[in-house]
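Quick notes on the structure that follows.
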Protein chains: 2
Amino acid sequence: MSAANNNEKEVTIYDIAAALNISAATVSRGLKNHPAIRQTTKDRIFAQAERMGYRFNTFARNLRTKRTYTIGVIVPRLNSMFMSDVLAGMEKISNEAGYELIISQSLETMEKEKKNAATMFNNRVDGVLVSLAYTTTDIDHFRRFIDKNIPLIFFDRAFEHPHCPNVVIDNHKAAYEMTTHLIRQGCRRIVHIAGHLNRDVYALRLKGFQEALADNGITFDEDALIVNNLGIADGVLAAQHMLSLPERPDAVFAANDTCAVACMQELKRNGLRVPDDVRVAGFNNDPIATVVEPNLTTIDYRGHEMGEVAAKTLINLLNGVGDLQAAAIVLRHHLIIRDSTQRKKLTEHENKNN
Amino acid sequence: MSAANNNEKEVTIYDIAAALNISAATVSRGLKNHPAIRQTTKDRIFAQAERMGYRFNTFARNLRTKRTYTIGVIVPRLNSMFMSDVLAGMEKISNEAGYELIISQSLETMEKEKKNAATMFNNRVDGVLVSLAYTTTDIDHFRRFIDKNIPLIFFDRAFEHPHCPNVVIDNHKAAYEMTTHLIRQGCRRIVHIAGHLNRDVYALRLKGFQEALADNGITFDEDALIVNNLGIADGVLAAQHMLSLPERPDAVFAANDTCAVACMQELKRNGLRVPDDVRVAGFNNDPIATVVEPNLTTIDYRGHEMGEVAAKTLINLLNGVGDLQAAAIVLRHHLIIRDSTQRKKLTEHENKNN
DNA sequence: CTGTTAGCGCGTTCAA
DNA sequence: TTGAACGCGCTAACAG
């Protein structure tokens with residue numbers, strides 16, 4: 001039926017046991033370096049296994065042990081440098097600990113996210129790492145993991161839940177800093193472009209933005225808030241909205257770089273000078289931020305670190321290390337200023353847990 | 001030991017068989033919609049399964065059937081819109097056919113690619129979809145798949161092998177068209193920035209470039225070829241190289257958009273006007289191409305389609321449909337001209353197999 | 001249309 | 001230090 005059918009029989013521990021005139025149990029133990037097996041016997045087992053081209057059967061083991069040594073990862077999209085870094089970090093830690101990753105993208109919809117979660121559940125992943133989609137409103141589709149005590153960790157686009165650790169940055173603070181920076185540059189009419197507000201990252205960034213305004217005696221105007229999907233088209237529309245306002249804004253702070261860049265381009269196409277007429281700020285420090293002119297002021301946080309920390313936290317839970325209680329692990333971020341002639345890092349925040 | 005240990009016993013087909021006073025075999029058949037089971041029986045089985053919270057055990061099935069319904073995917077990096085699209089296409093087709101994807105990135109090194117291949121092999125994937133890393137020089141690490149008759153398909157960055165179908169675009173033709181376009185615009189001293197030439201995509205693009213020059217009576221100059229990693233830094237260096245040449249080039253055609261954009265920026269920083277002094281062309285139609293100013297002329301080909309076709313080809317092989325012989329499936333590409341005032345699609349090439 | 005039987009390859013008692 | 005025997009949960013004959 002299948003073109004993949006191999007006619008050659010797969011070699012098992014029985015085969016190598018027979019060849020060595022010992023029992024399969026001994027082979028099984030020898031292969032996993034069981035202390036109660038004589039070294040010489042182990043050597044013979046390994047040599048014979050090598051000779052016969054033996055390969056370990058994961059499924060038989062999973063069937064017995066009821067663990068899969070597999071971690072499920074669900075992300076919104078795989079198209080950013082940030083996500084690529086996150087996954088590389090996760091893969092590094094996981095593989096070192098003997099785990100494999102199953103990666104899938106929700107494409108920003110809760111519907112797909114549900115399917116992915118179901119798939120992972122059926123594949124009996126030992127744990128799950130999730131960054132939520134735009135349209136996700138609740139996490140009922142993850143309830144089965146929680147009920148079964150399967151560790152579930154949210155990273156970046158997180159969700160507060162008593163059983164689910166979060167690995168995030170301080171979005172509130174980052175946005176506060178960015179807004180404060182713009183204000184210090186003399187901006188007073190600052191527009192904020194936010195993503196779906198049911199995602200904590202965007203709600204928090206908005207909150208940080210508003211608080212910075214308030215702390216500087218600037219009233220928040222309803223017109224100064226745009227909520228959209230943070231895509232290229234959204235950035236263009238946002239710019240047009242800005243241009244249509246009675247009082248022209250003197251700055252825009254978008255919740256991601258893609259949108260900030262698209263917005264900047266459209267503003268420039270309409271004759272505004274950046275940063276003289278209007279300053280533009282983004283979030284994420286995507287490579288695109290250094291490509292636009294002028295380069296984009298933005299918030300940097302390293303995905304690799306976030307991936308490593310998330311994976312490490314999960315594996316600790318799997319090994320029974322660390323508490324089962326939810327904890328928010330807050331990683332560093334940097335404000336990267338590129339709208340002056342000088343580029344420099346302004347601040348650096350240490351991990352709150354230190 | 002593990003925090004994931006569930007104390008509640010997992011429900012099996014035996015449990016639901018017992019509850020229904022039928023045999024486990026019937027349950028097994030009913031669950032997979034076997035035609036030889038009465039509908040009413042099926043209904044009872046499904047209802048009972050639902051009631052008892054049954055979940056299918058993949059491993060037991062894998063152990064029996066020796067198939068995993070899993071497809072391995074190895075890509076260089078997960079950071080481009082193109083790759084994201086490819087994977088979405090693959091996931092769509094695969095899931096429809098009941099397969100899951102295991103995705104991993106080689107991070108452009110053969111070493112990591114080898115590890116990934118080994119992991120996939122040990123996880124007994126039914127088939128593999130690969131786009132090769134920069135530094136890969138041979139495909140010995142895939143030999144075990146080939147020897148075992150496990151379908152292996154290369155896409156985009158392909159490799160010719162009698163047993164491995166390729167899913168690609170006509171890179172030679174695309175580069176030829178791009179170069180011809182530049183020549184028609186009046187360019188005579190065109191620089192080409194290529195990636196590692198052991199990757200067919202870059203070797204073929206170079207060849208198409210050179211052939212277009214030849215066909216238009218332009219001699220190829222050694223100075224006009226730059227080979228690098230096609231990153232941002234490489235684009236900057238390429239621009240500096242161009243500026244240092246005795247005769248200043250009037251065009252540059254890079255093998256990807258990232259590098260083209262970086263190069264363009266550096267040229268502009270050095271006072272050149274684009275496209276008046278120098279025209280810039282890229283490859284891939286990455287979103288970044290519409291962000292730089294002026295927008296980048298480039299080659300477009302849709303990743304989603306490539307992912308779908310690659311997955312479909314693989315699944316056909318797994319189902320014994322289609323020939324085992326290698327075949328190159330060549331998908332369409334489009335030359336997207338953005339260095340004139342008018343934007344338009346110039347040509348459209350149909351799938352060669354049609 | 002349904003039941004019986006016999007493994008898939010491995011880990012893990014319990015004995016020796 | 002090693003072996004015998006059983007079962008993890010499911011599917012594929014073969015019977016009826």
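Please report, to two decimal places, log10 I(q)/I(0) for the stretch B:185-260 at q = 0.17, 0.21 Å⁻¹ as given by the Debye formula with identical point scatterers on the Cα atoms and no solvent.
One equal scatterer on each Cα of the stretch B:185-260 leads to -0.60, -0.92.
If r is the Cβ-Cβ distance from residue B:123 to residue B:21 and R0 is 35 Å, what FRET efficiency results, to the nearest 0.05?
Numbers: r = 39 Å, r/R0 = 1.10.
About 0.35, to the nearest 0.05.
With Cβ to Cβ distances under 14 Å as the rule, what net charge do the other residues near residue A:219 carry (K, R +1; D, E -1)? Numbers along the way, then the final one.
Values: positive: A:188, A:189; negative: A:211, A:215, A:221, A:222, A:223, A:247.
Summing Lys/Arg as +1 and Asp/Glu as -1 gives -4.
Per residue of B:169-177, how many C-beta atoms from partner chains lie within 10 Å of its own C-beta, taken as a mean?
Details: counts 0, 0, 0, 0, 0, 0, 0, 0, 0.
That average works out to 0.
With N set to the residue count of the stretch B:3-56, report its C-alpha Rg divided by 2.2 N^0.38 Å to two decimal places.
On the way: Rg = 11.9 Å, N = 54, 2.2 N^0.38 = 10.0 Å.
In units of the globular-protein estimate, the stretch B:3-56 measures up at 1.19.
Taking a label point 7 Å from Cα toward Cβ, how far is residue B:34 from its twins in the other copies, in nm, shortest first?
Those separations, rounded to one decimal, come out as 3.6 nm.
Say R0 is 41 Å: what FRET efficiency, to the nearest 0.05, do residue B:140 and residue A:137 get from their beta-carbon distance?
Working: r = 50 Å, r/R0 = 1.21.
So the FRET efficiency works out to roughly 0.25.
Whenever you get a sec, compute what percent of the accessible area on the protein assembly as shown sits on carbon and sulfur atoms (1.4 Å probe).
Working: 15120 of 30850 Å².
Of the solvent-accessible surface of the protein assembly as shown, carbon and sulfur hold 49 percent.
Averaged per residue, what accessible surface does the stretch A:73-144 expose to a 1.4 Å probe, in Å²? Write out the running numbers ahead of the final one.
Numbers: 2250 Å² over 72 residues.
Result: 31 Å² of accessible area for each residue.
Using helices alone, I'd like the mean residue ellipticity at 222 nm for chain A: each DSSP H run of four-plus residues gives -39500 (n - 2.57), total over residue count, nearest 500. The partial results should precede the final answer.
Working: 12 runs with 144 residues, N = 354.
Value at 222 nm, helices only, nearest 500: -12500 deg cm²/dmol.
In whole angstrom, note down how far apart the Cα centers of the stretch B:256-322 and the stretch A:42-64 are.
Spelled out, the Cα-based centre of one part sits 45 Å from the other.
Could you list log10 I(q)/I(0) for the protein assembly as shown at q = 0.05, 0.09 Å⁻¹, which the Debye formula gives when each Cα is one point scatterer?
Each listed q maps to, in turn, -0.29, -0.90.
Provide Rg over Rh for the stretch B:171-301; use the alpha carbon set for both Rg and the Kirkwood Rh (inverse mean inverse pair distance).
Numbers: Rg = 12.9 Å, Rh = 14.0 Å.
Across the stretch B:171-301, the Cα-based Rg/Rh ratio is 0.92.
What residues does the stretch A:60-105 have that are buried by at least 50 Å² of accessible area in the full protein assembly compared to the chain on its own, 1.4 angstrom probe?
Output list: A:63, A:78, A:79, A:84, A:91, A:100, A:103, A:105.
Can you pull out the buried accessible area for chains B and A, both sides counted, probe 1.4 Å, rounded to the nearest 100 Å²?
5300 Å²
When ligands, DNA and RNA are left out and all protein chains stay put, how many square angstrom of accessible area per residue does the stretch B:171-301 have with a 1.4 Å probe?
Details: 4780 Å² over 131 residues.
Accessible area per residue, the stretch B:171-301: 36 Å².
Just in the stretch B:210-254: which GluC sites (Glu not before Pro) are loop by DSSP and have at most 15 other Cβ atoms within 10 Å?
Details: sites: B:211, B:222, B:247; in loops: B:247.
When the GluC sites (Glu not before Pro) of the stretch B:210-254 are filtered for loop state and at most 15 Cβ neighbours within 10 Å, B:247 remain.
Report, for residue A:18, each distance to the same residue's label point in the other copies, shortest first and in nm; define the point 7 Å along Cα→Cβ.
Listed shortest first, these distances are 3.5 nm.
When you look at the Cβ of every residue in B:122-129, what mean number of other chain Cβ atoms sits within 10 Å? Each step should come with its number before you reach the end.
Details: counts 5, 5, 7, 1, 3, 3, 0, 0.
Per residue, the average neighbour count from other chains is 3.
Residues with beta-carbon under 15 Å from that of residue A:46, excluding residue A:46: net charge, scoring Lys, Arg +1 and Asp, Glu -1? All intermediate terms of the calculation are to be shown ahead of the outcome.
Numbers: positive: A:29, A:32, A:38, A:42, A:44, A:51, A:55; negative: A:15, A:43, A:50.
Net of charged neighbours comes to +4.
Please compute the per residue accessible area over the stretch B:3-56 with all protein chains in place, 1.4 Å probe, rounded to a whole number of Å². Let's see the in-between values first.
Details: 3550 Å² over 54 residues.
On a per-residue basis, 66 Å².
Placing unit charges on C-beta atoms (Lys and Arg positive, Asp and Glu negative, everything else neutral), compute the dipole magnitude of chain B about its Cα centre in debye, rounded to 20.
Approximately 1420 debye in magnitude.
With charges only on Cβ, +1 for K and R and -1 for D and E, what is the dipole size of the protein assembly as shown about its Cα centre, in debye, rounded to 20?
Working: 84 positive and 84 negative charges, 506 e Å.
Dipole magnitude for the protein assembly as shown comes out near 2440 debye.
Pick out, in residue order, every one of the trypsin sites (Lys or Arg not before Pro) in the stretch B:1-92 that is DSSP loop and has at most 13 other C-beta atoms within 10 Å; say none if there are none. Walk me through the numbers before you get to the answer.
Values: sites: B:9, B:29, B:32, B:38, B:42, B:44, B:51, B:55, B:61, B:64, B:66, B:67, B:77, B:92; in loops: B:9, B:32, B:38, B:55, B:66, B:67, B:77.
Sites meeting the loop and neighbour criteria: B:9, B:32, B:38.
Expressed as a fraction of 2.2 N^0.38 Å, the rule-of-thumb size for a compact globular protein of N residues, what is the C-alpha radius of gyration of chain B?
On the way: Rg = 25.7 Å, N = 354, 2.2 N^0.38 = 20.5 Å.
It is 1.26.
For the stretch B:168-261, what's the relative contact order in percent, using C-alpha pairs closer than 8 Å and at least 6 residues apart? Let's see the in-between values first.
Values: 140 pairs, mean separation 35.3, N = 94.
So the answer I get is 38 percent.
Choose one of A:45, A:34, A:56: the residue whose Cα lies farthest towards the positive end of the charge dipole of the stretch A:3-56 (beta-carbon charges +1 Lys, Arg; -1 Asp, Glu; about the Cα centre).
A:34
Treat every Asp and Glu Cβ in the stretch A:171-301 as -1 and every Lys and Arg Cβ as +1, leave all other atoms uncharged, and give the resulting dipole magnitude about the Cα centre to the nearest 20 debye. The partial results should precede the final answer.
Values: 12 positive and 17 negative charges, 17 e Å.
Dipole about the Cα centre, nearest 20: 80 debye.
What is the spin-label model distance, in nm, from residue A:38 to residue B:43 if the labels are put 7 Å beyond Cα along the C-beta direction?
6.6 nm
The values are calculated or read from the model by the stated rules, or taken from the named source; none is laboratory data. No experiment lies behind these values; they were computed from the predicted model shown. Don't worry about glycine lacking a Cβ; one is built from the backbone with ideal geometry, like all the others, and counts go over all protein chains shown. When the accessible area is computed, the model is the full protein with side chains, heavy atoms only, and any ligands, DNA or RNA have been set aside. Shrake-Rupley method; radii C 1.70, N 1.55, O 1.52, S 1.80 Å.
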